[in-house]
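Please read the structure below before turning to the comments.
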Amino acid sequence: MKVLIVYDSVFGNTEKIALAIGNAMGPQTEVNILRVGNMKQENLRGLDVLIVGSPTRAFKPTKAITNSLKVIPKNSLMGVKVAAFDTRFTMEKIKSSFFMLPLLVNIFGYGAKPISELLKRNGGDLAAPPEGFLVEDVEGPLKEGEMERAANWAKKIFESIK
Ligand SMILES: Cc1cc2nc3c(=O)[nH]c(=O)nc-3n(C[C@H](O)[C@H](O)[C@H](O)COP(=O)(O)O)c2cc1C
């Protein structure tokens with residue numbers, strides 16, 4: 001099984017999650033983990049699974065992630081299992097920040113959902129609902145246990161499509 005994990009990361013937390021996901025895959029998988037700026041169209045060729053992750057920034061994925069998915073040729077993910085994740089604030093952090101933030105988060109959401117919409121729009125077959133992994137502050141750290149949760153999320157995806 002050929003797997004590509006593409007991520008963006010400003011402070012390194014999303015990168016850690018991407019690596020945890022990559023390490024959780026079985027030995028029969030060929031895994032390529034790429035920062036979004038290093039992804040080329042040819043990396044998409046012959047893929048079985050594509051997983052894309054981004055930090056949530058103002059309720060969305062980063063522009064680099066969005067733009068990279070917008071330029072993928074239409075239907076190029078037909079037959080590819082896809083999944084999206086983001087990193088995001090814990091609810092405690094959201095509640096203790098700007099007083100309107102909980103309401104805005106409720107309305108506008110996080111990064112993973114728009115990523116999975118773009119993946120589906122390009123023909124991808126969603127293997128799992130969009131998932132978020134928690135950071136305690138802007139630069140991290142990841143909340144305790146999130147690396148393990150990411151590994152389990154990945155294992156479930158791979159079990160379901162083997
Ligand atoms: C400019 C900016 C906007 C952010 N907006 C959100 C947001 O809307 N919702 C949220 O949960 N976290 C938000 N965060 C927190 C980021 O999600 C957090 O910095 C990120 O998960 C860290 O991942 P990274 O280390 O891979 O960059 C924001 C952070 C910054 C710096």
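The values are calculated or read from the model by the stated rules, or taken from the named source; none is laboratory data. Please read all numbers here as calculations on a predicted model, not as lab measurements. Here the Cβ positions follow ideal geometry from the backbone for every residue, glycine too, while neighbour counts run over all protein chains shown.
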*asked:* Here is a list: LYS93, LYS155. Which entry is over 20 Å from LEU19 (Cα atoms) and of a type in the set (D, E, K, R)?
replied: LYS93
*Have a look at ILE65, ILE21, ILE33, ILE72 and point out the one that is touching an Asp or Glu at 6+ places or on another chain (Cβ under 6 Å) and closer than 22 Å to ALA128 by Cα.*
ILE65
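Quick one: which helices (runs of 4 or more DSSP H) lie wholly within region 23-125 and hold at least 1 residues that are within 16 Å of the chain's Cα centre (by Cα)? Give the derivation first.
Working: elements: 63-70, 91-96, 101-108, 112-121.
The qualifying helices (runs of 4 or more DSSP H) are 63-70, 112-121.
Report yes if some residue within region 16-28 is within 14 Å of the ligand (Cβ to nearest atom), charged (D, E, K, R), surrounded by 14 or more Cβ atoms within 10 Å (Cβ to Cβ) and closer than 19 Å to LYS60 by Cβ; otherwise report no.
The answer is no; no qualifying residue exists.
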_Test set (1) part of a helix (DSSP H, G or I); (2) surrounded by 14 or more Cβ atoms within 10 Å (Cβ to Cβ) - SER160 fails condition number_ = (2)
_Hits in region 48-77 (condition: surrounded by fewer than 20 Cβ atoms within 10 Å (Cβ to Cβ) and more than 16 Å from the ligand (Cβ to nearest atom))_ = ASP48, ASN67, LYS70, VAL71, ILE72, PRO73, LYS74, ASN75, SER76
*Does any residue in region 12-31 that is closer than 13 Å to ILE157 by Cβ and among the polar types (S, T, N, Q) come within less than 6 Å, Cβ to Cβ, of a residue that is away from the ligand (no atom under 12 Å from the Cβ) and modelled with pLDDT of 95 or more six or more places away or on a different chain, and which pairs are these?*
THR29/VAL3
